[in-house]
1. Collect the residues in segment 383-426 that are of a type outside the set (D, E, K, R), in contact with a Phe, Trp or Tyr (Cβ under 8 Å, 6 or more places away or on another chain) and buried (at least 19 other Cβ atoms within 10 Å of the Cβ), keeping them in residue-number order.
2. Sort through D310, D329, D272, D374 and tell me the only one that's assigned to a helix (DSSP H, G or I) and touching a Gly at 6+ places or on another chain (Cβ under 6 Å).
3. One residue is enough: does segment 107-126 have a residue meeting the conditions of a type in the set (F, W, Y), without any contact (Cβ under 8 Å) to a residue 24 or more places away in the chain and within 29 Å of F475 (Cβ to Cβ)?
4. If you go through segment 452-470 one residue at a time, do you hit one that is part of a strand (DSSP E or B) and crowded, with 24+ Cβ neighbours inside 10 Å?
5. Going by what's in this entry, would E64 be described as more than 26 Å from the chain's Cα centre (by Cα), over 25 Å from E254 (Cβ atoms) and among the acidic types (D, E)?
6. Being under 19 Å from Q257 (Cα atoms) and at pLDDT below 95 narrows it down to one of D100, D54, so name that one.
7. Given (1) in contact (Cβ under 8 Å) with a residue 24 or more places away in the chain; (2) open to solvent by 10 Å² or more (accessible area, probe 1.4 Å); (3) over 14 Å from L584 (Cβ atoms), identify the lone condition not met by V346.
8. Which condition breaks for V277 when tested against (1) touching a residue at least 12 places away in the same chain (Cβ under 8 Å); (2) out of contact with any helix residue (DSSP H, G or I) (no Cβ under 7 Å at 6 or more places or on another chain); (3) part of a helix (DSSP H, G or I)?
Amino acid sequence: MCGIAGEFNFDGRPADPAALAAMSRALEPRGPDAGGIVVRGPCGLAHRRLSIIDLSERSRQPMEDPALGLSVVFNGCIYNYRELREILQEAGYRFFSDGDSEVILKAFAHWGPSCVERMHGMFAFAIHERDTNRLTLARDRFGIKPLYVARRGACLRFASTLPALLAAGGVDTRIDRVALHHYMSFHSVVPAPRTILEGVRKLPPATVRIHESDGTERDTRYWAPVFERSPGDEARPASEWADAVLAALRLAVERRQVADVPVGVLLSGGVDSSVIVALLAQGGQSDLATFSIGFEAANGEQGDEFRYSDLIAERFATDHHRIRVPSGDLLGALPSMIEAQSEPMVSYDNIGFYLLSQKVSRHVKVVQSGQGADEVFGGYHWYPPLLGSAEPVADYARAFFDRSHVQLAGQLQPDWLAARDESLDFVTAHFARAGATDGVDKALRLDSTVMLVDDPVKRVDNMTMAWGLEARVPFLDHELVELAARIPPRHKLREGGKGVLKDVARRLVPHEVIDRRKGYFPVPALKYLQGPYLAMARDALQTSAARERGLFRPDWLERLFADPAAHITPLRGSELWQAALLELWLQRHGIGGG
């Protein structure tokens, strides 16, 4: 919905308007409709607006309520804001706008920081209290909306994107070695609070952070899914689980239609997005705009799945838009796509979502998307081996990790290699937490609360908001996820994964979409790196900045340059693209070597 930024000084210095303006300019693509900056002593707030709910000036931000002594900047959407508004009106609060931003202000005044527990939606917000000079930051349960922070001395800055913090200056841009280990091993997933840069951190999902005026801070995690089930849950037949999932998913999709502008769907042709289209059609949605994208084939690998998206569009009579991207356009868009990434993300899906969003934003401001279904309902190939596994950490790492610590030691220069196997240690500690006993449950918990947040969800937010397009993800409705966590793994893993969700889908969409080989956003040109793509990767890794930084062993790079297609990770990614993407990102954001 927007981009937010702010500065809070613990030594009483006034917030810097120039720094706020610089961050606001960097956030303009996220909020092209309007902008505003407010400075109140040591606290300054900036906002870029994408108008979706209450399009009037009454909902402009930063929003202030002098009577309550509160100011807010907010990014996202509170889907149940009307219900919360009614409760607050009954409690005596009067409203001057018709949007969800003011509901957050009044909810905070009434319930305090715990107000987030009542919110259905995606959000990142900052609230400054005039009378206590306290700053509260909050992020939604799945981190769908991002929030980056940089603290140097007595100055705290925050923003919706990492590049916005860089634009304000004063950021420690040294590479974080632990984050580098995660990027190279954990499939570019860098868990919160770290980022690839030492001087920038991110607020973890489902977290409220309170900053006192003296610089002290405290975090409260207000939600976590529980992967435990009662004897009744264990005995419940698959058909009853499908009934419950269908009802919860129908509500989740309906909630995400809340808007004062049209809402479309990103239709890949897979089960997840097809179910969303079907539910909207069943709910009476007519003239639904749907959008699909495809790329040229390479190495005999197909670059689109139009066959399936066309089938769904025809079945439900949507206003369908088929977007085919020539390889030349793909190459030209890569630099700006990389610039739009808040953190380096290696997945090929990035360019697909980026180019798709560019086209879609010409038609609608809001779309629903199918991200999260695999992590919530067990759709990935690494889950079945974990069922009853005696060594779930090892089995998970074998399937998901891009490389082992030993292999990484032969690829990174010694000065850049973390002292221990940070990625494996992280997964081991996460799997050891209480609340999940089976390996499948442990992996689903990790993937839905960590991997999903810092790969698929971040990817969709960054690539869509680069064009002022808001993406909503019904499979991450927290009530739906809580329900799914109770479903025994055996039901999820049927039919090659997502068994319960496929049961639901069979009531809604053609079987051809369900009984097919699992597809991904195919971008063959970036997997095999031939011709100009190979030249781009080679050039990035041989610049003076790359040589000064010296992240990678030259002998490893030479092997990659000689035969990129021979070096593919277990998750079918290019090792060369992974290394090059990191350098391209650093260079694109002006981070030099040394």
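1. The answer is L386, P392, V393, Y396, F400, F401, Q411, L412, S423, L424, F426.
2. None of the other options fit; the residue is D272.
3. Yes, segment 107-126 contains at least one residue that is of a type in the set (F, W, Y), without any contact (Cβ under 8 Å) to a residue 24 or more places away in the chain and within 29 Å of F475 (Cβ to Cβ).
4. Looking for residues that are part of a strand (DSSP E or B) and crowded, with 24+ Cβ neighbours inside 10 Å, one finds at least one in segment 452-470, hence yes.
5. yes
6. Unique residue meeting the criteria: D54.
7. Only one criterion is unmet by V346, namely (3).
8. Against the list (1) touching a residue at least 12 places away in the same chain (Cβ under 8 Å); (2) out of contact with any helix residue (DSSP H, G or I) (no Cβ under 7 Å at 6 or more places or on another chain); (3) part of a helix (DSSP H, G or I), V277 comes up short only on (2).
The values are calculated or read from the model by the stated rules, or taken from the named source; none is laboratory data. On a predicted model such as this, the values are computed, not experimentally measured, just so you know. No Cβ is skipped: glycine too gets one built from the backbone with ideal geometry, and neighbour counts run over all protein chains shown. The accessibility values were calculated without ligands, DNA or RNA, using every heavy atom of the protein model including side chains. Shrake-Rupley method; radii C 1.70, N 1.55, O 1.52, S 1.80 Å.
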